[in-house]
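Novice: Below is the structure I would like to discuss, written out as structure tokens.
The values are calculated or read from the model by the stated rules, or taken from the named source; none is laboratory data. Note that the structure is a prediction, hence the values are computed from the model and not measured. Note: ideal-geometry Cβ built from the backbone for every residue, glycine included; neighbour counts use all protein chains shown. For accessibility, only protein heavy atoms count, side chains too; no ligands or nucleic acids. Shrake-Rupley method; radii C 1.70, N 1.55, O 1.52, S 1.80 Å.
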Amino acid sequence: MIFTILKVIGIILLVVLALILTALLCVLFVPVKYRAVGSFDNTDIRAKAHASWLFHLFALHIEYAQETDGYIRFAFVKKKLFDNYEALDDDDMDEATKTETEDKVSENTGDEPKIPADESEHVADEQIENESTAQTHNEQRTVTDENQHIKQQTKLTHQKTYKKPHKKQFKDKSEKIKNCIYKLKREYSDERNKAAFLHLKKELFIILKRICPRRLKLTMVYSTGSPDTTGISLGVLACFPVGYTNRWRITPDFESENPYAKGSFDIKGHVIVISILAATLRILFDKNCRRLYNRISR
């Protein structure tokens with residue numbers, strides 16, 4: 001009996017360890033695929049970006065046209081990333097306040113018609129109507145004042161909630177950034193740290209190479225508004241080998257007098273976590289890099 005229980009426990013532990021090992025291997029070796037496609041026409045930009053992992057079990061999708069929209073999905077569970085809403089401007093708020101005021105006044109006064117019984121009561125009915133009109137105007141002014149007060153309180157609350165950071169905080173952060181840049185320049189000029197910077201350069205180049213897209217297609221027609229600057233910009237673009245390797249199709253327009261640019265792009269690639277993790281560990285366990293970090297952090 002005891003051996004049977006131990007056997008069941010051992011099988012359960014082995015299954016759990018196998019699941020953990022499988023999940024770890026998937027995280028390290030299954031690539032994260034990403035792709036972005038879009039088009040542009042001067043300032044009109046439309047783009048879609050999608051990233052997925054483990055046979056689309058995890059997915060991230062973002063679209064941009066006039067508004068930004070997107071979602072994140074795990075298996076069959078989807079969650080939106082952005083809540084698109086339109087904020088009311090002052091005119092819309094005034095219209096809403098006016099409508100609410102009219103509704104409140106209607107509730108307080110009522111809209112029942114008053115029919116006089118005979119001609120002898122005509123004067124009395126006019127007096128009653130004038131009193132009712134005056135009361136209605138007073139109630140309307142009261143409700144309007146209440147709405148204006150609520151509006152002012154809302155603005156004050158909004159201002160209190162979103163206070164601007166103090167100038168001293170920005171000054172302290174800028175001083176820290178300046179000190180960090182100064183330390184990096186000082187350590188870079190030191191010959192003792194030459195090996196550390198060379199190692200950092202090598203590993204960062206490997207990380208960038210692993211992250212960069214495998215395909216980068218570009219089709220574009222453009223003009224700067226002047227033939228000479230259009231030709232100069234085309235020569236500058238021709239200096240980058242990435243255009244030749246991905247067969248970019250760039251067509252200059254020397255006849256247009258107005259600057260413009262329109263076209264489309266397609267970016268595709270993947271990232272393997274084990275390669276990024278290996279480069280990071282090589283940086284962390286390098287004695288020259290550790291010594292450089294200790295010198296900068298002091």
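Novice: Where does the charge balance sit around ALA238 when Lys and Arg score +1, Asp and Glu -1, over other residues with C-beta under 15 Å from its C-beta?
Specialist: On the way: positive: ARG247, ARG249; negative: none.
Once all neighbours under 15 Å are counted, the net charge is +2.
Novice: Please give the length that would be gained between LYS268 and PHE254 if that part of the chain were fully extended, namely 0.36 nm times their separation in residues minus their C-alpha to C-alpha distance (nm, one decimal). Before the final figure, lay out the partial values.
Specialist: Details: separation 14, 0.36 × 14 = 5.04 nm, distance 3.14 nm.
Working it through step by step, the gained length comes to 1.9 nm.
Novice: Cross-link list LYS48/LYS209; LYS171/LYS209; LYS185/LYS287; LYS33/LYS79; LYS33/LYS202: which exceed 31 angstrom alpha carbon to alpha carbon? Provide the component values of the computation, followed by the final result.
Specialist: Working: LYS48/LYS209 23 Å; LYS171/LYS209 36 Å; LYS185/LYS287 20 Å; LYS33/LYS79 20 Å; LYS33/LYS202 24 Å.
As for pairs spanning more than 31 Å Cα to Cα, those are LYS171/LYS209.
Novice: For the full complex of protein chains and a 1.4 angstrom probe, list CYS289, CYS212 by accessible area with the highest value first.
Specialist: Working: CYS289 15, CYS212 65 Å².
Sorted descending by solvent-accessible area, the residues read CYS212, CYS289.
Novice: Set the Förster distance to 22 Å, then compute FRET efficiency between ASP83 and LEU60 from the Cβ-Cβ distance, nearest 0.05. The partial results should precede the final answer.
Specialist: Numbers: r = 17 Å, r/R0 = 0.77.
That pair, ASP83 with LEU60, gives E of 0.85.
Novice: Over region 214-298, give the accessible area per residue in Å² for a 1.4 Å probe, as an integer.
Specialist: Details: 5740 Å² over 85 residues.
For region 214-298, the solvent-accessible area averages 68 Å² per residue.
Novice: Which shape class applies to region 32-82: rounded if a/c is under 1.5, otherwise prolate when a/b exceeds b/c and oblate if not, where a ≥ b ≥ c are the square roots of the Cα gyration tensor eigenvalues?
Specialist: Details: a/c = 5.23, a/b = 1.82, b/c = 2.88.
Verdict is oblate for region 32-82.
Novice: A further question on this structure: Is the C-alpha gyration tensor of region 156-298 telling us rounded, prolate or oblate? Criteria: a/c under 1.5 is rounded; beyond that, a/b larger than b/c is prolate, otherwise oblate. Please report the intermediate quantities before stating the final value.
Specialist: Values: a/c = 2.11, a/b = 1.38, b/c = 1.53.
Cα axes put region 156-298 in the oblate bin.
Novice: With a cut-off of 17 Å, note down the residues of region 20-37 whose backbone N falls inside the zone around a label point 7 Å from the Cα of PHE240 toward its beta carbon.
Specialist: Hits in region 20-37 for PHE240 at 17 Å: 36-37.
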